[in-house]
Structures are given as C-alpha cells and as structure tokens.
1. For region 65-88, which positions are under 22 Å from GLU24 (Cα atoms) and either in contact with a helix residue (DSSP H, G or I) (Cβ under 9 Å, 6 or more places away or on another chain) or at pLDDT 95 or above (or both)?
2. For region 18-29, indicate whether the set of residues that are at pLDDT 90 or above and either touching an Asp or Glu at 6+ places or on another chain (Cβ under 9 Å) or in a strand (DSSP E or B) (or both) is non-empty.
3. So which of GLU97, GLU86 ends up being over 21 Å from TYR122 (Cβ atoms) and touching a Ser or Thr at 6+ places or on another chain (Cβ under 7 Å)?
4. Identify, please: which residue in region 90-148 is among the β-branched types (Val, Ile, Thr) and under 23 Å from PRO80 (Cβ atoms) and is, among those, surrounded by the most Cβ atoms within 10 Å (Cβ to Cβ)?
5. I'd like to verify a number: residues in region 71-94 that are among the charged types (D, E, K, R) and assigned to a loop (DSSP other than H, G, I, E, B), how many?
6. What is the one condition in (1) in a strand (DSSP E or B); (2) under 27 Å from GLU37 (Cβ atoms); (3) not acidic (Asp, Glu) that LEU143 does not satisfy?
7. Keeping to region 35-47, report how many residues are surrounded by 12 or more Cβ atoms within 10 Å (Cβ to Cβ) and either among the basic types (Lys, Arg) or closer than 17 Å to GLU89 by Cβ (or both).
Amino acid sequence: MKARFFSGVLLLLVLVALPALGKEVHATVVYDDKATEINTAQTQDGTDQLWITTHDLTRATRFEVKPQGVCRDELCFPLPKARKQEFLEKQVGRKDELFNLTAFAALVHQPVAHDAATSTWYFGLRTDQQQGLASLRAPDFTLPDIDGKMHSLHDFRGKKVLLVTWASW
C-alpha cells in the first residue's frame, strides 16, 4: 500500500514538473550572421527564452562555458554567481547542461529577434561589437578621375559631394 502511494505521488510530481521544463523544439540560431540548426532546443511556454545544450552553444556561437564564465578565445563574460540558475540547468541522464542563450544575450546587452512561426532566433551585435561614428567628417582620400587627374576630398570641403563607386566582384 505504501509503495503504491509513494509511486503515485512520484508520478504526480513528474506530471506536474514536465510542463515547467519546457518543450523541445527544432530551432535555427543566427549568430554572427551564421545560421546553425539546433535539433534539441527547449523553450518555455509564455516566454521567449531559448535553452540549448552547451555543445550546441559552442557550435552556434563559438562560446564555451568555463569556470570563469562564458568565453570565446580571449573574450570572457563572467556569469553572476547569484543568478547562475538563470543561465545553466543540469539535464537528467545527459552530460551536457542546458544554457539559456537569451538570458546570456540580455546579460551582454545583445539584441534578440525571435520568429515563433519559423522558430528562428537572430542575435545582433553586442554593445562591445558596435562601432559608432567618431565624427560626421569623412576621412580624407585622393583618387584619380576618369581622365587620371587626382582629386582629394579636402578640396571639396563645404560643398556637396556625390561619390559613385563600382567594383567588379
């Protein structure tokens, strides 16, 4: 009788916990303008959180989870210790952990666009990758015109200039 009761309670706990874990989906991750197909991604209903394995994290982004944080080459972003469960989750019966790629994007100030219809996630440039204009002044250069006469941009300061370029490739 006791064994039946405990197995019933265990079954009930499993059934309650399964929806909270999220559903497994096929996803496309576009990171650094490279698309990677992820076959075992997980999302949670009602949220835009994308959980992928740490193996898929490295495959899609070249980032690896290390003791010092999430790293790629010399670049490393430490994960806040108090919030580690927001980023990493152990998988029962598997060696890879799940990694919350969208929470990481928020941590590093990286914009994310998600198309639920195609299960595609686009990760834009982090703030450390974005380059702003130092000034609105174009750098000076000198080029020949069609007749071979050299012209410098500084010769036209204060005037409107239209540059037409062409390349064969």
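The values are calculated or read from the model by the stated rules, or taken from the named source; none is laboratory data. All values derive from a computational prediction rather than experimental measurement. Cβ coordinates were reconstructed from backbone atoms using ideal geometry, including for glycine residues, and neighbour counts include every protein chain displayed.
1. The answer is VAL65, GLU86, PHE87, LEU88.
2. Yes, there is a match, as at least one residue in region 18-29 is at pLDDT 90 or above and either touching an Asp or Glu at 6+ places or on another chain (Cβ under 9 Å) or in a strand (DSSP E or B) (or both).
3. Being over 21 Å from TYR122 (Cβ atoms) and touching a Ser or Thr at 6+ places or on another chain (Cβ under 7 Å) holds for just one of GLU97, GLU86, which is GLU97.
4. Of region 90-148, the ones among the β-branched types (Val, Ile, Thr) are 92, 102, 108, 112, 118, 120, 127, 142, 146.
Subsequent filtering for residues that are under 23 Å from PRO80 (Cβ atoms) retains 102, 108, 112, 127.
Values: THR102: 19, VAL108: 15, VAL112: 15, THR127: 9.
Going through the qualifying residues, I end up with THR102.
5. The total comes to 4.
6. (2)
7. Of the residues in region 35-47, 6 are surrounded by 12 or more Cβ atoms within 10 Å (Cβ to Cβ) and either among the basic types (Lys, Arg) or closer than 17 Å to GLU89 by Cβ (or both).
This table checks each residue for (1) within 30 Å of LEU163 (Cα to Cα); (2) acidic (Asp, Glu); (3) within 13 Å of the chain's Cα centre (by Cα).
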| site | (1), (2), (3) |
| --- | --- |
| GLN49 | no, no, yes |
| LYS81 | no, no, no |
| LYS95 | no, no, no |
| PHE141 | yes, no, no |
